[in-house]
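Just below is one structure, and these are the notes that go with it.
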Amino acid sequence: MRWVEFCINASGDSVDAICEMLTRIGAEGVSVSDPEEILSILKDPSSLAYADSEFFDSLGTDVFIRAYFPEFAEGIRIGVKSSDIELTSDLEGLYATRKTETIPVEDVFQIIKQRMDEIATFLPVGKGEISYIFVKDEDWENNWKKDYKSFRISDRAVISPSWENYEPQKGETVIFLDPGSAFGTGTHETTAMCAQILDGMIHKEDVVLDLGCGSGILSILCNKLGASYTEAIDIDRMAIEVATENIQINKSLVYCHAGELSDALRKDYSLIVANIIADVLISLCPSVPDYLVKGGKIILSGIIVSKKEKVLKEYLDAGFRLLDSRNIGDWHSFVFERA
């Protein structure tokens, strides 16, 4: 079997959205090569990685996202099995998936181009150039894994791919991760901010909900930092499969299932973390008090700068008290407390 490798030249701000889009149309694997992330790993004093000056010079500034689709005699297989989750109307469009079908590679190219144009309406996508090549069956897996190395995500937490043998240092909490089809490797600013906030506020009495859990990084971190109860939810069953595998790899106790906020198992969470896009965070605001105890906290992330004030106003008008506000580049995170 051959694989088709689609390569997109994009901006760092759009990486998560593009990876999500590629996964939802059926990519079997997605990798990200981001010079800024590579440089941050190489410059980290605790990193064992090394590179000479020629390598630094060769990195350039472009971010490349590569997605892999299997090729069959009839064409390229795309799509995932349709979910049986009933989405509310305001979420349905944002999380559209495709049913499984086999189509010519040029048609896949056009679908990706169309989805890129849609993403460009709310995020800067950079050059947005799309190309593709064919790769051998034995090469594709190593291609998407080669750019993913161990890195520190917060003061105490280190993310390590499951195929590496990372030896933790004293005081470190290590999360072994297989990002699967790209539901979050932890390298994006929005996830990093959540991890840094959680590292400083998790208590053993906390009852935590990770809403939109993706690969399960944040829920696994909460469990490892001592939360008494951790639950992870995502509307995409493919994400839940990846998260469940990562929870098992880390031997963590996390209740992981498909759904949205209305499918949460409890209504007494002391902490909710929601690393989702701003429009969804806004739509969730009226329902949050039904699941968060008085004095409970909610961490909101995934907020691009153009949506910052809208999210802030929505939660302040609903009576939440702002405890913390952070940003890395154009991405913002808020911590609110329920009155």
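The values are calculated or read from the model by the stated rules, or taken from the named source; none is laboratory data. Everything numeric here is computed off the predicted structure, so don't read it as measured data. Here the Cβ positions follow ideal geometry from the backbone for every residue, glycine too, while neighbour counts run over all protein chains shown.
Some observations on this one:
- Among the residues of region 222-240, those that are in a helix (DSSP H, G or I) and farther than 21 Å from Asp268 by Cα comprise Arg237, Met238, Ala239, Ile240.
- Every pair of residues 6+ apart whose Cβ atoms lie under 6 Å, when the first sits in region 231-243 and is more than 13 Å from Thr23 (Cα to Cα) while the second is aromatic (Phe, Trp, Tyr): Glu231/Tyr255; Ile235/Tyr95
Listed here are the residues, each with its yes/no results for (1) touching a residue at least 60 places away in the same chain (Cβ under 8 Å); (2) surrounded by fewer than 20 Cβ atoms within 10 Å (Cβ to Cβ); (3) part of a strand (DSSP E or B).
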| position | (1), (2), (3) |
| --- | --- |
| Ser283 | yes, yes, no |
| Pro286 | no, yes, no |
| Val311 | no, no, no |
| Glu314 | no, yes, no |
| Gly319 | no, yes, no |
| Arg326 | yes, yes, yes |
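- From Tyr269, Tyr229, residue being more than 26 Å from Ile25 (Cβ to Cβ), out of contact with any helix residue (DSSP H, G or I) (no Cβ under 8 Å at 6 or more places or on another chain) and buried (at least 22 other Cβ atoms within 10 Å of the Cβ): Tyr269
- Taken residue by residue, region 277-288 has no member that is under 17 Å from Cys194 (Cβ atoms) and in contact with a Cys (Cβ under 7 Å, 6 or more places away or on another chain).
- Tallying residues that are over 18 Å from Asp16 (Cβ atoms), outside any helix (DSSP H, G or I) and not aromatic (Phe, Trp, Tyr) within region 288-309 yields 7.
- Among residues of region 249-281 being of a type in the set (S, T, N, Q) and in contact with a strand residue (DSSP E or B) (Cβ under 6 Å, 6 or more places away or on another chain), the one that is farthest from Ile217 (Cα to Cα) is Ser270.
- Pick from region 149-179, criterion more than 26 Å from Val30 (Cβ to Cβ) and basic (Lys, Arg), ranking: nearest to the chain's Cα centre (by Cα): Arg156
- Sole exception among (1) more than 17 Å from the chain's Cα centre (by Cα); (2) in a strand (DSSP E or B) for Cys256, by number: (1)
- Within region 83-124, the set of residues being over 25 Å from Trp3 (Cα atoms), modelled with pLDDT of 50 or more and not in a helix (DSSP H, G or I) comprises Ala120, Thr121, Phe122, Leu123, Pro124.
- Some residue of region 304-319 being among the hydrophobic types (A, V, I, L, M, F, W, C) and closer than 23 Å to Cys222 by Cα: no
- Conditions (1) at negative phi; (2) at pLDDT below 90: number failed by Gly171: (1)
- Considering region 207-221, and only residues there that are in a loop (DSSP other than H, G, I, E, B) and touching a helix residue (DSSP H, G or I) at 6+ places or on another chain (Cβ under 7 Å), the residue that is nearest to Leu261 (Cα to Cα) turns out to be Cys213.
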